[in-house]
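> Quick one: the structure is below, and I'll ask about it shortly.
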Amino acid sequence: MLKALYTIFAVGVVSLYSVAALLGWEISGGSRHQLPPDARQNGYRSFHFWHYGLHGGK
Amino acid sequence: MSVLVANCPSCGAPIEFKSGQSIVVICQYCHSAVARTDRELKDLGKVAELVETGSPLDVGLRGTWKDVPFELTGRAQLGHEMGGQWDEWYATFSNGWLGWLAEAQGRFYITFQYPIPEGTYVPTFEQLQLGQEVYGLPWPTKLMVAETGRATALGAKGEIPYLLTPGETYDYADLSGANGAFGTIDYNETPPLIFLGQQVTLADLGITTTRAPEKEERRVEAAQLGCPNCGGPLELRAPDKTERVTCPNCNSLLDVNQGKLQFLKALEKPWFQPVIPLGTTGEVPEGKMTVIGAMARSVTIEGTQYFWSEYLLYQPQIGFRWLVNSDDHWNYVRAIPPGDVYEATKTAVYNDKSYRIFQDAQARVEVVVGEFYWKVETGEQVRGVDYVKPPYMLSKEVSTTYVNDPNAKKKKRTTGEINWSLGTYIPVQEIEKRFSVTGLPRPSGIAPNQPYKHWWIYKYWLAFIVLLGLAGVLAFVFAGSTSQAYSQTVNFPALPNEDGTQVFFSEPFELKGRRNIRIVGQSPVQNTWVYLEGDLINDETGVVQSFPIDISYYQGVEDGESWSEGGQEDSAYTSSLPGGRYVLRLEGQWERWQQPAVVSVQVEQNVTRGFNFLVAIILLSIGPVLMIIYHIGFERRRWSESMFGGGDDSDDDDD
């Protein structure tokens, strides 16, 4: 039972590592977002957008 | 071809000396032992009828040893002073050799007489100690004393190469050495005679099918007898081997002599009941065997009495084996030659494996039930020493008996033997399955030789780490080299105020899909910091990947020693982004806001990074590390039961 569990888990870990290496996945703290369509149309370079739009004010 | 044909001086029947080396021939009509001298034939007296031992050998049987043919020309049956008997067969070889083939408990030993080398001192019988090495014997391996005792000539058949006098007794010592070496010192003469050889199988002697079918039938057949005390029915499952049996009806202890029962003493109703009933047949590693006897034994350690039980198994073709049940753990046990074990202070070596001492105590027989091949008594004591190497246990039992001998110079002498056995741990479930019994109690503690069940985790661990390493190497080989997607030195003007920021947008650049990304920021800061909030923005899809770059570098001299902290470079990693054109946005803040800041930034792809690999190793190691902790606890519990406990926790199993 334990053997099967560990084997499944370990195969999963090695597989995940291999897929990550193949697809360029990294464990990192950065976040990923999607620009709203209107921001792309109106220009996302404005100070106002980055401070009150995408990052929610900072 | 006969050497001498004559008439028996006792009954006149014809007798024949076939071998020139024969001294005595047993008259097959009147059982007189007839010795030939230079001038006449001499009647030495009548020998007893041979006890049927179920031996596969017989006088007249032929075989070969070391490519030399031989014939068994005689047989003597010798009585052991502690009960029971053994056979010695005399092998006359075609090249003039004379061999002694001893047979006891289904084992065979072939020996030849050797002259004592000049200058060799053979200890006297009184000087011999069990376990001592006998030096100077012409044999390639060391030989140690495994048994000492007194033999009595009981019966004989055929031709005997020495002056066998019926009823005569003599002292002997059996020797044992590595690789089945065996020897006997015969103190019947002065100086003693030395016989050396080795344990053999019938196949080694070129003897294959020797037993007549009717003899075989008789050997395996159980005997139905009546108890001489209560008259109740009693079955002997090993009639040709049993020396003692208990009556299942009245609990009498009975002596078995040539199939006849003799009442010895009444035993109390046993508190011990075998959990595997007598007569049960089970499949053990060497074949099918039947439980013919059981006994409870005990040791007393620091005032506490500990009990266990032993089940005697028998099968004519295999011999005797034991099942030992201690604290609901089970072991299958077989005897091994004493000379094959090398014993040091706290270890014993057998078959190149080292065993650690676990217990050394005086074991006592408490209860006996069923049949036994020796004259067992309740209260019988031996010194038992156990050595372990899971799943095996080497056990030494030393029995020493003081015998009163009013006729000897030394009125009291000791006799005894050393027996070694090898036990193999068998899980209780397997015992239930093999012996078709149910409901055996489950063990709660750890047995001295209980194997640790989870050794596999270390092999699996190593295997998956290797697999992970291979995956890492392949990923490195196939990923190709690191490529630079963008590089720029950015000059940020001074901030408008302390909380203000400056923003930089790059020209669009190409990022490839399925490749990780590293953004490296460098700034020539000295005892200050620059912080960049970065974003990679896909112009076409609107995907934004944010990342932080935190550059801080401090240095100084304190108490005459220089120090530094941080660096003038920081990097951030992100997972791959869909391939396409991206803009890099950097929003900067820095401590010295009144001054402009210079930051060099590079965006790279296909960067080798060990972080994922490290995380994978940690994940793979969580289970094994927990198992190591459990394993250490397991070994501590095992050795807490030992009188030699503690110390090394890393006892390895032969799993």
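The values are calculated or read from the model by the stated rules, or taken from the named source; none is laboratory data. The structure presented is a predicted model; accordingly, all values stated were derived computationally and were not measured. Because the Cβ atoms are built from the backbone with ideal geometry, glycine has one as well, and the counts that use them run over all protein chains shown.
> In the list B:Gln317, B:Gln359, which residue meets the criterion of being surrounded by 18 or more Cβ atoms within 10 Å (Cβ to Cβ) and modelled with pLDDT under 95?
The conditions single out B:Gln359.
> Would you pick out the residues in segment B:568-608 that are assigned to a loop (DSSP other than H, G, I, E, B), within 13 Å of another protein chain (Cβ to nearest Cβ) and farther than 17 Å from B:Leu511 by Cβ?
Matches in segment B:568-608: B:Thr608 only.
> Here's another thing I want to ask about it. All but one of (1) surrounded by fewer than 16 Cβ atoms within 10 Å (Cβ to Cβ); (2) over 27 Å from the mean Cα position of the chain (by Cα); (3) in contact (Cβ under 8 Å) with a residue 24 or more places away in the chain hold for B:Gln105; which doesn't?
(2)
> Sticking with this one: Quick one: count up the residues across segment B:374-426 that are surrounded by 19 or more Cβ atoms within 10 Å (Cβ to Cβ) and modelled with pLDDT under 85.
2
> Let me ask another. Quick check on my filter: what residues within segment B:327-369 are over 20 Å from B:Tyr425 (Cβ atoms), touching a Gly at 6+ places or on another chain (Cβ under 8 Å) and of a type in the set (Val, Ile, Thr)?
B:Val365, B:Val368, B:Val369
> I've got another one for you. Looking at this structure, is B:Val145 out of contact with any Lys or Arg (no Cβ under 9 Å at 6 or more places or on another chain) and buried (at least 19 other Cβ atoms within 10 Å of the Cβ)? Give the derivation first.
On the way: out of contact with any Lys or Arg (no Cβ under 9 Å at 6 or more places or on another chain): yes; buried (at least 19 other Cβ atoms within 10 Å of the Cβ): yes.
Answer is yes for this residue.
> Report yes if B:Pro274 is in contact (Cβ under 8 Å) with a residue 24 or more places away in the chain, in a loop (DSSP other than H, G, I, E, B) and at negative phi, otherwise no.
Spelling it out, B:Pro274 is indeed in contact (Cβ under 8 Å) with a residue 24 or more places away in the chain, in a loop (DSSP other than H, G, I, E, B) and at negative phi.
> Another question, if that's okay. Given the conditions (1) of a type outside the set (Gly, Ala, Ser); (2) more than 30 Å from B:Arg514 (Cα to Cα); (3) within 14 Å of chain A (Cβ to nearest Cβ), and given that B:Glu558 satisfies all but one, which numbered condition is not satisfied?
Result: B:Glu558 fails condition (3) only.
> What's the number of the only condition in (1) under 57 Å from the mean Cα position of the chain (by Cα); (2) more than 30 Å from B:Glu430 (Cβ to Cβ); (3) buried (at least 16 other Cβ atoms within 10 Å of the Cβ) that B:Phe478 fails to meet?
Failing condition for B:Phe478: (3).
> Residues that are hydroxyl-bearing (Ser, Thr, Tyr) and surrounded by 15 or more Cβ atoms within 10 Å (Cβ to Cβ), at least 2 per element: which strands (runs of 3 or more DSSP E) completely within segment B:39-94 meet that?
In segment B:39-94, the matching strands (runs of 3 or more DSSP E) lie at B:85-93.
> Filter segment B:514-543 for residues that are under 13 Å from B:Ser571 (Cβ atoms) and more than 8 Å from chain A (Cβ to nearest Cβ); which is surrounded by the most Cβ atoms within 10 Å (Cβ to Cβ)?
B:Leu532
> Are there any pairs, at least 6 apart or on different chains, whose C-beta atoms fall under 7 Å, with the first in segment A:10-39 and more than 7 Å from chain B (Cβ to nearest Cβ) and the second of a type in the set (Phe, Trp, Tyr) and surrounded by fewer than 18 Cβ atoms within 10 Å (Cβ to Cβ), and if so, which?
From segment A:10-39, the pairs are A:Ala39/A:Phe49.
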